[in-house]
Amino acid sequence: MAETKTNRGYLSATIGCRCPRCREGKLFQYPVSANLKKNMTMHKNCPVCGQPTEIEVGFYYGTSYVSYAITVAMSVASLAVWAFTIGLSIDDNRFFYWMGTNAVLLLLLQPWLMRLSRSFWISWFVKFDRDWRQHQPEDVSERMNADQANNW
Ligand SMILES: [Zn+2]
């Protein structure tokens, strides 16, 4: 088997919003966009290996916890950077400038953070399969009722 196999590691595949099974196919149909509906439109199946991106009804409900955790982690990181570069004195409002800057930053990153949390979420349920070409993706049709799936 001399087929090209991906060298992407778990983190670069997940942060790049790639399918966790083959680490090649993109999960989302469009580039990151301020149009949230477009931004969150996923391929129904991975365009490379056929892995379904929604493996059961309401699969992505839990992602709000993930996006919360990422938001907290990013705020801590930006606070650390701010503390070392600008400082966090309360007397001259530097701390409050951080709060404002951090809020704007998170707001701007929101479309990407929403994707990232879905990408992390599915990566915890779908295993990387180095030999995905030899295997069929898991059949999820029983867990996916077509009518309900269309509401997403
Ligand atoms: Zn794939």
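Every number here is computed from the coordinates shown, using simple stated rules; none is lab data. Quantities reported herein were computed from a predicted structural model and do not represent experimental measurements. No Cβ is skipped: glycine too gets one built from the backbone with ideal geometry, and neighbour counts run over all protein chains shown.
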Label model pair Arg143, Tyr61: point-to-point distance (7 angstrom along the Cα→beta-carbon line) in nm is 1.4 nm
Give me the orientation-averaged projected area of the Cα convex hull of the chain, in nm², one decimal. 10.9 nm²
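Which of the peptides 112-119, 66-73 is most tightly packed, and how do the rest follow, going by the mean number of other Cβ atoms within 10 Å of each residue? Write down the numbers at each step before the final one.
Numbers: 112-119: 20.0, 66-73: 14.5.
Per-residue Cβ counts within 10 Å, averaged per peptide and sorted highest first, yield 112-119, 66-73.
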With axes computed from alpha carbons, what is the tilt in degrees of helix 94-123 against the longest principal axis of the chain, rounded to the nearest 10 within 0 to 90? 10 degrees
When the label point is put 7 Å from the Cα of Ala69 along its Cα-to-beta-carbon vector, which residues of the stretch 99-132 have a backbone N closer than 18 Å? 113-128
Rounded to the nearest 500, what is the chain's calculated 222 nm mean residue ellipticity when only DSSP H runs of at least 4 contribute -39500 (n - 2.57) each, over all residues? -14000 deg cm²/dmol
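Please tell me the relative contact order of the stretch 1-83 in percent, rounded to the nearest whole number, where contacts are Cα pairs under 8 Å and at least six residues apart.
17 percent
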Per GNM of the chain with C-alpha springs under 10 angstrom, the most fluctuating residue out of Asn35, Asn102, Asn45 is Asn35
Spelling it out for Met42: with amide H atoms placed in the peptide plane at 1.01 Å from N, the residues 5 or more places away or on another chain with amide H under 5 Å from its amide H are Gln29
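Taking the Cβ of Pro52 as the center, what net charge do the other residues with Cβ under 13 Å away carry, scoring Lys and Arg +1 and Asp and Glu -1?
On the way: positive: Arg21, Lys44, Arg143; negative: Glu54, Glu56, Glu138, Asp139, Glu142.
Result for the local shell: -2.
Would you kindly state how much longer the chain becomes between Ile90 and Phe125 on full extension, computed as 0.36 nm times their sequence separation minus their alpha carbon distance, in nm to one decimal?
Numbers: separation 35, 0.36 × 35 = 12.60 nm, distance 4.41 nm.
In short, 8.2 nm is gained.
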Hey, for a label at Thr101 modelled as a point 7 Å past Cα toward Cβ, could you say which residues of the stretch 76-95 have their backbone N under 12 Å away? 78-89, 94-95
For the chain, Cys with no neighbouring Cys Cβ under 4.7 Å: Cys17
